[in-house]
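**Student:** Take this structure first; my questions come after.
Every number here is computed from the coordinates shown, using simple stated rules; none is lab data. These numbers were taken from a predicted model, which means no experiment stands behind them. So basically every Cβ, Gly included, is an ideal-geometry build from the backbone, and we count neighbours across all protein chains shown.
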Amino acid sequence: MTSTPTPALPGRPPVVDLATWQAARDELLVREKAHTREEDAIAAARRRLPMVEFDGKVEVVGPDGPVPFLDLFQGRDELVVYKHMWYDGAPHQGQCEGCTTTAWHLKDAAYLNARGVSFAILTTGAWDEVASYVEFMGYTQPWYSVRGVAGPAGGDMGYLTCYLRDGDRAFLTYSTTGRGNERVNGALGLLDMTPYGRREAWEDDPEGWPESPEVGAPVGGHGAPICWYWRSDADGNATWGPTSRPVPQWTRPDATPVQTLGRHGDHH
């Protein structure tokens, strides 16, 4: 037996009995299982992609100076990297907020390592700037500068990229960016399960659902931010203002507001 929903609370799902809820949940589960099977099929196709060979001896710069790209494999055959954008000369709070979101969710590769996969973060920043930032953020992943490195070992930033090694030969196998990077962001997956979701303007929400917080456009005038949660002020309010920081930075010691984001092209 099901019951008629009680009057809806403003901005909240209708209240029903457990049996009615379970029936609706089971109906959605059919779609979720179909989605999972399609993801499995896409992953199978991904494993069948061709690959591109490149010079694995090209040098990148890490804490011990220049090393060949092959060293990033750490003796394993597979490697996943995240390519972190960089603003030269910017203070810590002026570095890429989207890349911070991704890197913050990739602080430990123990399970990848256990399956024979290494992990590293690459960026185009000069190593002395990168080293200072890594220390401030408390990151323990391997970081390397690929400044001036072209091709599959360097290239555009903001990508998750996979590589395969065969002895002294290195190959590019897969790369994704944009919302493809969401796969590693556990926070987004959990938010997608909640009643209010991500609270981003593009989401399809029921009538009366809470709207996204009103925040200003990013510095540089590139339009409304697509992910308002990337930055906040010291009080936790979502903002792209000049004293905002990528949200995880507020967990770091001495992460106080400063006068400017200091991003490339801004006035210092």
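**Student:** Under 25 Å Cα-Cα from K107, which lysines qualify once same-chain neighbours fewer than 8 residues away are excluded?
**Tutor:** Of all the lysines, those that pass the test against K107 - Cα under 25 Å, at least 8 places apart if same chain - are K83.
**Student:** With Cβ to Cβ distances under 12 Å as the rule, what net charge do the other residues near E97 carry (K, R +1; D, E -1)?
**Tutor:** +3
**Student:** Now a separate question. Can you compute the charge dipole magnitude of the chain about its Cα centre, using +1 on each Lys and Arg Cβ and -1 on each Asp and Glu Cβ, nothing else charged? Give it in debye, rounded to the nearest 20. Provide the component values of the computation, followed by the final result.
**Tutor:** Working: 24 positive and 36 negative charges, 92 e Å.
For the chain, the charge dipole is close to 440 debye.
**Student:** In whole Hz and in residue order, list the ³J(HN,Hα) couplings for the range 193-208 that follow from phi through the Karplus curve 6.51 cos²θ - 1.76 cosθ + 1.60, θ = phi - 60°; x for Gly and Pro.
**Tutor:** 8, 7, x, 9, x, 7, 6, 9, 4, 7, 6, 8, 10, x, 4, x
**Student:** Okay, moving on. Give me the one-decimal nm value for the distance between modelled label points at R179 and A24, 7 Å along each residue's Cα-to-Cβ direction.
**Tutor:** Distance between the two pseudo-spin positions: 2.4 nm.
**Student:** Between M157, M51, M137, where does the largest GNM mean-square fluctuation fall for the chain, given springs only between Cα atoms within less than 10 Å?
**Tutor:** Result: M51 has the largest fluctuation of those listed.
**Student:** Shifting gears a bit: Kindly put T173, T161, T123 in sequence by how many other C-beta atoms sit within 10 Å of each C-beta, fewest to most.
**Tutor:** With the fewest neighbours first, T173, T161, T123 line up as T173, T161, T123.
**Student:** Given the rule -39500 (n - 2.57) for each run of at least 4 DSSP H residues, summed and divided by the residues of the chain, what is its mean residue ellipticity at 222 nm, to the nearest 500 deg cm²/dmol?
**Tutor:** -7000 deg cm²/dmol, from helical runs alone.
**Student:** Is the range 1-101 best put as rounded, prolate or oblate by its Cα gyration tensor, with a ≥ b ≥ c the root eigenvalues, rounded for a/c under 1.5, and otherwise prolate when a/b is larger than b/c, oblate when not?
**Tutor:** It is oblate, given that a/c is not under 1.5 and a/b is not larger than b/c.
**Student:** Fully extended, how many nm does the chain gain between E38 and V67 (0.36 nm per residue separation, minus their Cα-Cα distance)?
**Tutor:** Result for the pair: 6.4 nm of gain on full extension.
**Student:** Another question, if that's okay. For a quick check, take a GNM of the chain with Cα springs below 10 Å and name the residue from E38, E200, E182 with the largest mean-square fluctuation.
**Tutor:** In the Gaussian network model the winner is E38.
**Student:** May I ask you to evaluate 6.51 cos²θ - 1.76 cosθ + 1.60, the Karplus curve with θ = phi - 60°, for each residue of the range 85-96 and list the ³J(HN,Hα) values in order in whole Hz, giving x for glycine and proline?
**Tutor:** Karplus values, whole Hz, x for Gly and Pro: 4, 8, 10, 4, x, 7, x, 3, 6, x, 7, 4.
**Student:** Under the rule a/c < 1.5 gives rounded, and otherwise a/b versus b/c splits prolate from oblate, where does the range 43-181 land using the Cα gyration tensor?
**Tutor:** Prolate, since a/c reaches 1.5 and a/b exceeds b/c.
**Student:** I need the shape label for the chain. Rule: rounded when a/c is under 1.5, else prolate if a/b > b/c, else oblate, with a, b, c from the alpha carbon gyration tensor. Numbers along the way, then the final one.
**Tutor:** Working: a/c = 2.59, a/b = 1.35, b/c = 1.92.
Because a/c hits 1.5 or more and a/b fails to exceed b/c, the chain counts as oblate.
**Student:** What FRET efficiency comes out for the pair D192/S132, r = Cβ-Cβ distance, R0 = 30 Å, nearest 0.05? Can you show the working numbers first?
**Tutor:** Working: r = 35 Å, r/R0 = 1.16.
Efficiency computed from Cβ-Cβ geometry: 0.30.
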